[in-house]
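S.K.: The structure is given below, and queries will be raised subsequently.
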Amino acid sequence: MKERILVAIDGSDNSLQALAEAVKLAEAIPSKLYLVNVQPSFHTIHTRLFIGENMIREYQTELFDKAAEPAVKYLEDRDVEYVVLMKVGDPVYQIAQLAEDLKAMYIVMGSRGMGLIRGTVLGSVSSGVLHETDIPMVIIPQKDK
């Protein structure tokens, strides 16, 4: 049975660098990659008053497709088995919980992504996941341009 490696993707260059490292791991240790992108729920009282559930779901799917596209394109020419998943909610909780549910061998993610908070040494999501799970993590630092 193949091992499972969870890769958090968000469409950023840093998450693609993390995916490249995950592919190396998957080639060295026969593994299936589980790419996950976490979308905000948009379930606030104000959102529910003005926007229907179907419209929210369509928007989440649109954002997911945009975030997943570079990763899927990157994997097209690689001989690695993968699944792309969308989760909705808090990214820290969703990534940690999915890794636990999958019994992932590793979680691979970039240290910084497309989030609003920048300027910390370790991004808030990667730091949060690190503290939320006992599963070993590979965190790829953002390369300066």
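S.K.: Take Lys24 and tell me if it is in a helix (DSSP H, G or I), within 16 Å of Ile140 (Cβ to Cβ), free of Cβ contacts under 8 Å to residues at least 12 places away in the same chain and of a type outside the set (Val, Ile, Thr).
M.R.: Values: in a helix (DSSP H, G or I): yes; within 16 Å of Ile140 (Cβ to Cβ): yes; free of Cβ contacts under 8 Å to residues at least 12 places away in the same chain: yes; of a type outside the set (Val, Ile, Thr): yes.
Taking the combined requirement at face value, the residue satisfies it.
S.K.: Select, from Ser111, Ser127, the only residue that is more than 17 Å from Gln17 (Cβ to Cβ), surrounded by 14 or more Cβ atoms within 10 Å (Cβ to Cβ), modelled with pLDDT of 65 or more and within 15 Å of the chain's Cα centre (by Cα). Show your work before the answer.
M.R.: Numbers: Ser111 fails: more than 17 Å from Gln17 (Cβ to Cβ).
Among Ser111, Ser127, only Ser127 is more than 17 Å from Gln17 (Cβ to Cβ), surrounded by 14 or more Cβ atoms within 10 Å (Cβ to Cβ), modelled with pLDDT of 65 or more and within 15 Å of the chain's Cα centre (by Cα).
S.K.: Would you pick out the residues in the range 24-33 that are closer than 12 Å to Val108 by Cα and surrounded by fewer than 21 Cβ atoms within 10 Å (Cβ to Cβ)? Don't jump to the end; show me each part of the working.
M.R.: Step one: filter the range 24-33 for residues closer than 12 Å to Val108 by Cα, giving 24-26, 33.
Hits for the range 24-33 are Lys24, Leu25.
S.K.: Further question: Do you know which residues across the range 39-63 are out of contact with any strand residue (DSSP E or B) (no Cβ under 8 Å at 6 or more places or on another chain) and outside any helix (DSSP H, G or I)?
M.R.: Phe42, His43, Thr44, Ile51, Gly52
S.K.: Consider the range 93-114. How many of its residues are closer than 12 Å to Leu6 by Cα and of a type in the set (S, T, N, Q)?
M.R.: The total comes to 2.
S.K.: Let me spell it out: the conditions are (1) closer than 20 Å to Ala28 by Cα; (2) at pLDDT 95 or above; (3) more than 14 Å from the chain's Cα centre (by Cα); (4) not aliphatic (A, V, I, L, M), and Asp79 meets all of them except one. Which number is the exception?
M.R.: Here Asp79 meets the rest and fails (2).
S.K.: Looking only at the range 68-98, count every residue that is out of contact with any helix residue (DSSP H, G or I) (no Cβ under 8 Å at 6 or more places or on another chain), under 26 Å from His131 (Cα atoms) and part of a helix (DSSP H, G or I) and tell me the total.
M.R.: Adding up the residues that qualify gives 4.
The values are calculated or read from the model by the stated rules, or taken from the named source; none is laboratory data. In this text, all values refer to a predicted model and were calculated from it rather than measured experimentally. No Cβ is skipped: glycine too gets one built from the backbone with ideal geometry, and neighbour counts run over all protein chains shown.
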